[in-house]
Amino acid sequence: MGVVADTDPRLAQKQAAAVRALDWVESGMVVGLGTGSTAVWAIRGLGERLAAGRLRDIVAIPTSEASATEARAVGIPLVTFDGHPVIDLTIDGADEVDPALNLIKGYGGALLREKVVAQATRREVIVVDDTKPTERLGTRCHVPVEVLRFACPTERAFLESLGATAVVRPDGVGPFVTDEGNWIIDAAFGPIADAPALAAALESRAGIVEHGLFLGLTADVLVATDTGVEHHASPR
């Protein structure tokens, strides 16, 4: 990949980790394209490998309109689940990672499509910098919760009943609107003692479309550090 124009060392580290993730991509694969500042390097690197002929017959399914735009700009052919219901490999980022490779995702607002893609993927590879690993999810991050606009007030009250500080995510003069037309409530629970139980509680609510707890979906995590890229494989 080309030289990073920014002098921020963390940016260069994330780029290096994204390039490392591309080593798992093989010709003929269906690839899931993540969303965010780290995933964009994987998209650009994949485009470069296709253009150079190092990879062939790759098609991709993006997790957001922003990722789709980036992919088109670098010449990655895009497809849908209509003809490709299973994805071979997805490269994405995360906002927090615990030792079991469970994640919090959704700060970029694409958690719904990201989870659909992750659940349809044979191998989910996550790229993060060294500020993202934590012993317990929620220690540094809130949990993004995508809700129907109609249900926003009642779901916010529900999240507060669970002990969260719940704030509707802003975007300029109004709420942030996802690619699917929903709103996001950022729910700060603090360190989460039982992430599966919290996920089950959130999934029981009709007005909650999806949440940012990604549990048991990740095969590999690449952590960009100032000494190199660390690889953590799922213990499952």
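Rule-based calculations on the coordinates, nothing more; no lab input. Since the model is a prediction, treat every value here as computed from it, not as a measurement. For neighbour counting, all protein chains shown are included, and Cβ atoms are generated from backbone atoms with ideal geometry for every residue, glycine included.
Gain on full extension, evaluated as 0.36 nm per residue between residue 24 and residue 74 minus their Cα-Cα distance, stands at 16.1 nm.
Largest GNM mean-square fluctuation among 146, 180, 210, using the chain with Cα springs under 10 Å: 180. Straight Cα distances below 17 angstrom link residue 115 to the lysines 105, with same-chain residues fewer than 8 positions distant left out.
So, counting K/R as plus one and D/E as minus one, what does the shell of residues with Cβ under 15 Å around residue 75 add up to? Don't jump to the answer; show the numbers that get you there.
Numbers: positive: 44, 49, 54, 56, 72; negative: 48, 57, 70.
Residues close to residue 75 contribute a combined charge of +2.
The separation of region 176-236 from region 25-74, counted between C-alpha centres, amounts to 23 Å. In the list (1) -0.45, -1.18, -1.26; (2) -0.37, -1.25, -1.37; (3) -0.32, -1.27, -1.45, the label attached to log10 I(q)/I(0) by the Debye sum over Cα atoms at q = 0.09, 0.17, 0.18 Å⁻¹ as derived from the coordinates here is (2). Neighbour counting of Cβ atoms within 10 Å sorts the residues 14, 115, fewest neighbours leading, into 115, 14.
Most simply put, the chain has about 55% antiparallel DSSP beta bridges, counting only bridges with both residues inside it. For region 121-236, the dipole from Cβ point charges (+1 on Lys and Arg, -1 on Asp and Glu) about the Cα centre works out to 240 debye, to the nearest 20. Annotation: amide H-H contacts under 5 Å for residue 35 (H modelled 1.01 Å from N, sequence separation of 5 or more, or interchain): 93. Around the amide H of residue 209, modelled in the peptide plane, lie the amide H atoms of 146, 147, 148, all under 5 Å away and 5 or more residues distant in sequence or on another chain. Highest GNM mean-square fluctuation among 75, 109, 83, for the chain modelled with Cα contacts below 10 Å: 83. In region 147-161, whose amide N lies under 12 Å from the spot 7 Å out along Cα-to-Cβ of residue 119? List them in ranges. Answer for region 147-161: none. Across region 152-160, rounded Karplus estimates of 3J(HN,Hα) from the backbone phi angles (6.51 cos²θ - 1.76 cosθ + 1.60, θ = phi - 60°) give 3, x, 6, 6, 5, 4, 4, 4, 5 Hz, Gly and Pro being marked x. A Förster radius of 35 Å combined with the Cβ-Cβ distance from residue 205 to residue 173 puts the calculated FRET efficiency at roughly 0.80. Counting Lys and Arg as +1 and Asp and Glu as -1 over every other residue whose Cβ lies under 13 Å from the Cβ of residue 194, the net charge comes to 0.
Give me the log10 of I(q) over I(0) for region 143-210 at q = 0.12 Å⁻¹, as the Debye formula computes it from C-alpha points; what are the numbers? Log-scaled intensity ratios, in q order: -0.28.
Taken about its Cα centre, region 143-210 carries a charge dipole of about 200 debye when Lys and Arg each add +1 at the Cβ and Asp and Glu each add -1 at the Cβ.
Over the residues of the chain, the helix contribution to mean residue ellipticity at 222 nm works out to -8000 deg cm²/dmol, using -39500 (n - 2.57) for each DSSP H run of at least 4.
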